[in-house]
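The values are calculated or read from the model by the stated rules, or taken from the named source; none is laboratory data. All of these numbers come straight from a predicted model, not from anything done at the bench. When we count neighbours, we look across all protein chains shown, and the Cβ atoms used for this are built from the backbone with ideal geometry, even at glycine.
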């Protein structure tokens, strides 16, 4: 048995992000029952706080008892029936995953693609929607595999035009990574995870279901294929009668409530600005070092920066050195960009000036040590950070 | 917003049980990445510790990222394909739930029933197995809705006789509630939850898959209908290559490892004896008070005692008084015994002499206050506890 203490890391990968001590301490509060009156008060408060970050008045806004991918699956299994047509935007790993999940529901999936590192073209989406006439249109707001922030307006308009339900993955944007406005945008259902910009440990998947999504659930003629994720039962526990379905992950919910309270204290808009400002500093620093960013500025995601690995630098060796020498985690590429890009997260608690400067400094040091050509990024980053 | 502090409860319901402070503190350790080398060490240690409590050498023994019901679903969706025949033992809520989950997989479900409060008759199971020739036979080892401990030998022999995969729900027995011996009994796959006798907060579902269960997974001709629970992918993360599937619930795993370490320190056999001894004391006390236990002694589950609500006592009023005046939670009945029985858990950390005596004392006080006929249970309980 290994009883070595756990390390403390600066989590600048694609998630999890660092967690505020108040959230960790909340998770260590004594467990109470999932039907305890004090717990149902906590459930209600959590739902109201989640409505705030989603930008919605949807009653059924709550955390699914699983990680972000369980949230994705909860969205698909509840509104899809076998034979339904689905249009999925694919420009990275998580769009691919959506196709996989939808197919497992027996849906007929049409893909509308864009190159990795680019956003979906709204005009192409509109043409495809008119051709396919899908029951559901799904897209990724913030692609964690590429660092692209998808503009929503054109896609939402296309969905309205053809009467499709609009589903959004906001795993890496919710909670400050980028503005999320479910109601204003006309999104019918959306899911996220706790371990990104909310800065809670992984384990819960906040979801929100609007009236049209619930109507689709109510109109089903076949049972939801997942018992665990069947919202027709789960909503009786989360709203109203508190009917037992499964035992809620009580202590995870302590943590989620606390991180949502922290967001209210900071202010969501200020938090979005903070993510943006520190990302700008990182971008300026990386470019000043001579590195090339993977995503064009106009669709670049503040919470996750992707950058080409410079010539001469070894992907795994650099990431290992950062972890071992600096206790600093960044992410490698997935799929077609594996070994070609790094993914640098500045999410939630992790989005600080100190973390930006520290990473730039370490990259520069490691590059110089192994003879990789590099400039200095600190001054450029400092200029963006200003007097903060 | 409600900022009232959370109450501290003695959790003597059907789960969650009370959690050791060491487990809570472990959950509050700083989050690290799900692919961090320090985390994979923790994963390996957790798997080895879980093998110990399951009584198995099965390589694929790990916690599913969801609560116990997700574990149930993970077992069914991975080994069943549409049209497969399944024989399910039903003598309570969780046998019913198994039927529901199996049907959602497109399986042809045959039920073999016993009255609530009784165990399944192994001879009847054997006859049904020979008639149905099921691909999977599933049963509940410890029925949390009734407090019945199912003898396994006869069912296991029947499964071997017809060549069926044997699936076991050990949610309320694993970790000391009653002996669990997956390998010795010939169980092919089993699932549990963390919030019962393991005394970890809810949120993870330990499962174990033997060679025959994995062969069934490998031989599938259709995809597993749940992406989130697809073990053909998840096992690549938990064993060997650490291939990313979904982000593991890192801090929950800190807690699970710590509660498993506590079990090793106590010794699993001693822990089983402790559960048994304190349950005996509770039973003696309740009977001395004049109450009737719901389950015959020979199949009575130590970790969860069910007792008829005595004449004149009001179900909800008594449970509310216990919660409000004593901070003590017990469970009500589910389904056909709702309002008729109480469910009293003595699981993991909650199984102590003090909790037994405290509950008996409070029940007696509340009964006397509302004119319900009662004797005294303390002496009878104390005699069983002896000099402990």
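Key figures
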quantity	calculated
Qualifying positions in the stretch A:213-253 - loosely packed, with under 15 Cβ neighbours inside 10 Å and farther than 27 Å from residue A:27 by Cα	A:215, A:218, A:219, A:220, A:221, A:222, A:223, A:232
Number of the exception - residue A:259 against (1) assigned to a loop (DSSP other than H, G, I, E, B); (2) within 14 Å of chain B (Cβ to nearest Cβ); (3) at pLDDT 95 or above	(1)
Selection count where residues are assigned to a loop (DSSP other than H, G, I, E, B) and more than 9 Å from chain A (Cβ to nearest Cβ), scope the stretch B:214-229	4
Any helices (runs of 4 or more DSSP H) falling wholly within the stretch B:271-388 and containing at least 3 residues that are more than 14 Å from every other protein chain (Cβ to nearest Cβ), in contact with a helix residue (DSSP H, G or I) (Cβ under 6 Å, 6 or more places away or on another chain) and in contact (Cβ under 8 Å) with a residue 12 or more places away in the chain	B:353-369, B:378-385
Search result, residues across the stretch A:25-41 that are under 24 Å from the mean Cα position of the chain (by Cα) and surrounded by 21 or more Cβ atoms within 10 Å (Cβ to Cβ)	A:26, A:27
Top-ranked residue of the stretch A:1-60 - restricted to ones that are in contact with a strand residue (DSSP E or B) (Cβ under 6 Å, 6 or more places away or on another chain) and outside any loop (DSSP other than H, G, I, E, B), ranked as farthest from the other protein chains (Cβ to nearest Cβ)	A:60
Only listed residue being more than 30 Å from residue A:104 (Cα to Cα) and in the same structural domain as residue B:79 (by TED's automatic domain parsing), chosen from B:228, B:237, B:254	B:254
Residue among B:117, B:89, B:147, B:66 that alone is at pLDDT 95 or above, within 14 Å of another protein chain (Cβ to nearest Cβ), under 26 Å from residue B:333 (Cβ atoms) and touching a strand residue (DSSP E or B) at 6+ places or on another chain (Cβ under 8 Å)	B:66
Number of positions in the stretch B:179-205 that are under 24 Å from residue B:160 (Cβ atoms) and either within 14 Å of another protein chain (Cβ to nearest Cβ) or surrounded by fewer than 24 Cβ atoms within 10 Å (Cβ to Cβ) (or both)	8
Residues satisfying the stated conditions in the stretch A:69-86, i.e. more than 10 Å from chain B (Cβ to nearest Cβ) and either in a strand (DSSP E or B) or under 20 Å from residue A:156 (Cα atoms) (or both)	A:75, A:79, A:80, A:84, A:85, A:86
